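The values are calculated or read from the model by the stated rules, or taken from the named source; none is laboratory data. Quick caveat, the model's predicted, so the values are computed rather than measured. Every residue, glycine among them, receives a Cβ derived from its backbone with ideal geometry; neighbour counts consider all protein chains shown.
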Amino acid sequence: MPSDTSTEVMTIVSENGNDLSASQERVPVYELQGVSKSYALGGGQVHAVKELDLTIESGDAVAIVGPSGSGKTTLLQLLGGLDRPSTGSVRFEGRDMAAMGDGELSSLRLRTIGFVFQQFNLIPTLSAAQNVEVALAPAVQKAAERREMVRGLLESVGLGERGVHVPGTLSGGEQQRVAIARALANAPHVLLADEPTGNLDTATGAEILDLLMSLSGVARTVIVVTHDTGVAQRAHRIIRMQDGRLAPDLAEARTTPA
């Protein structure tokens, strides 16, 4: 992996039209007020998130940690605009996501939020480069321009020589790097990662986390959901959840990752 990943990604995302200068003033990227989310299940209600108030600043590297059923994945879905709160407001860069129409919300996700999942979610019949290019296609019309951006994105995650390989011939760590490159394709303001190391061995998982955390301040905010406190320790800030609420010790703020 290149030694100055952050610098390379900064160049790529700037070329794609979003100014992600790390020198920009830190402002809230998310402001949640009184957010609850309930689901109907078996004739009853499951209260996944309960009356949550939370602010996350631009440029933060945040870990949301908690046991299974604590509400952390539901919170990530709300932050990503994949679901809407039952009550309360989720404001993204000052805009209430719950008040947006489906088309507006879809456009917001495409332009400003990148997703990384535990299962990689790569298309098995496409090469690494093609998997990344798919994410660029709606926004970048010229094929030559897309290919050049894909090359730079893959190089930025240490896969400059692996672009022609299909996912089945790549290791788990390499597949997750492709997924991160794909998530960066449209220069998102936020990267949301749901258990991104869950299918990786310890050493490879550490490399992926280092890469993700290096992108905070460049790909703006990085938010990782995990049940693993060891993973969480690499973040700048830890948000703990329990039974759908912020845990009493709320968060640990550090100036540098562990």
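Couple of notes before you dig in:
- Within region 155-167, the set of residues being part of a helix (DSSP H, G or I) and modelled with pLDDT of 95 or more comprises just one member, P167.
- Residue match in region 211-230 (condition: of a type in the set (D, E, K, R) and part of a helix (DSSP H, G or I)): no
- Out of L82, L76, L108, sole residue that is of a type in the set (A, V, I, L, M, F, W, C), in a helix (DSSP H, G or I) and under 18 Å from D194 (Cβ atoms): L76
- The requirement of being under 30 Å from G69 (Cβ atoms) and surrounded by fewer than 24 Cβ atoms within 10 Å (Cβ to Cβ) is satisfied by I238.
For (1) surrounded by fewer than 19 Cβ atoms within 10 Å (Cβ to Cβ); (2) in contact with a Phe, Trp or Tyr (Cβ under 8 Å, 6 or more places away or on another chain); (3) over 15 Å from V225 (Cα atoms), each residue gets a yes or a no:
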{"site": "V166", "(1), (2), (3)": "yes, no, yes"}
{"site": "Q175", "(1), (2), (3)": "no, yes, yes"}
{"site": "A181", "(1), (2), (3)": "no, no, yes"}
{"site": "N186", "(1), (2), (3)": "no, no, yes"}
{"site": "N199", "(1), (2), (3)": "yes, yes, no"}
{"site": "T204", "(1), (2), (3)": "yes, no, yes"}
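- M213 being touching a residue at least 12 places away in the same chain (Cβ under 8 Å), crowded, with 23+ Cβ neighbours inside 10 Å and either out of contact with any Ser or Thr (no Cβ under 8 Å at 6 or more places or on another chain) or not small (G, A, S) (or both): no
- Of all residues in region 31-69, those satisfying the criterion of being in contact with a His (Cβ under 8 Å, 6 or more places away or on another chain) and in a loop (DSSP other than H, G, I, E, B) are S58, D60, G66, P67, S68.
- The residue pairs whose first member lies in region 146-172 and is farther than 19 Å from I123 by Cβ, whose second member is part of a helix (DSSP H, G or I) and of a type in the set (D, E, K, R), and whose beta carbons are closer than 6 Å, counting only pairs six or more residues apart or on different chains, are S156/E8.
- Count of residues meeting criterion [surrounded by fewer than 18 Cβ atoms within 10 Å (Cβ to Cβ) and not in a helix (DSSP H, G or I)] in region 89-105: 8
- Some residue of region 62-72 being closer than 25 Å to A139 by Cα and either buried (at least 18 other Cβ atoms within 10 Å of the Cβ) or in contact with a Cys (Cβ under 6 Å, 6 or more places away or on another chain) (or both): no
- Scope region 107-120; condition touching a residue at least 24 places away in the same chain (Cβ under 8 Å) and either over 13 Å from A179 (Cα atoms) or surrounded by 13 or more Cβ atoms within 10 Å (Cβ to Cβ) (or both); matching residues: L108, R109, L110, R111, T112, I113, G114, F115, V116, F117, Q118, F120
- Verdict on A135 being in a helix (DSSP H, G or I), farther than 26 Å from P167 by Cβ and either of a type in the set (A, V, I, L, M) or modelled with pLDDT of 95 or more (or both): no
- Search result, residues across region 63-92 that are in contact with a helix residue (DSSP H, G or I) (Cβ under 6 Å, 6 or more places away or on another chain) and farther than 19 Å from G103 by Cα: A63, I64, V65, G66
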